[in-house]
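Here's the structure, in structure tokens; my notes come after.
Taken together, the values in this text are just the output of simple stated rules run on the coordinates, not laboratory data. These numbers come from a predicted model, not from an experiment. Note: ideal-geometry Cβ built from the backbone for every residue, glycine included; neighbour counts use all protein chains shown.
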Amino acid sequence: MLPYLIFGVTFAFAAAVQPGPFQAFLLAQTSRQGWRRTLPAAFAPLLSDGPIVVLVLLVLNRVPSGLISVLQAAGGAFLIFLAVGAWNTWRNSAAVQAAPGPDRQQTLLKAALVNLLNPNPYLGWSLVMGPLLLKGWRETPGHGIALLVGFYGTLVLSTMGIILLFGLASNFGPRVSRILVAVSAITLAGFGVYELWLAAGAFLRI
């Protein structure tokens, strides 16, 4: 059981600290509305990964390339939409300082949508976590449970740590907060364009 638990912990930590659309979204939300309102977003994978896991296991750990392309296109468009919102906030420095923002439930749902449209969880579950979960569960259900507990426990805690770090940086003053919002807007737009570019290339090859 211990090897499965350790693998879940290490894989989740690597996934949490790897720069990506979800991390850019966390930076944008923390800069705009503070770490307290953004903290519930750490639980987003618990909402979004359920359908992903079911889909991956039903197709025997092989996600069709066409589905990934559709997700990339939808995710790219959504990231650009978020980038526009962050950019509008940057243009208004008062909004960065006050930033009441949406409530915690809206933040959690929006974060879950970002993660659901992100191809990375599909690839991670189809190539790594899915096969290992099936293998461990066939040996004994305890191995599969240990893998899931280690993975999602570490993923949530690591994401909380990232949000707190972003919040600490934002507390250095409105100027730093405004810079972070600008960085998040550019990052979200960059990831959005990149996802659309990948999706367009995949569609052209079909």
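Say R0 is 22 Å: what FRET efficiency, to the nearest 0.05, do residue 10 and residue 84 get from their beta-carbon distance? Once rounded, the FRET efficiency stands at 0.05. Working note: Karplus 6.51/-1.76/1.60 with θ = phi - 60° gives the stretch 48-57 the couplings 7, 6, x, x, 5, 4, 4, 4, 5, 5 Hz, where Gly and Pro are set to x.
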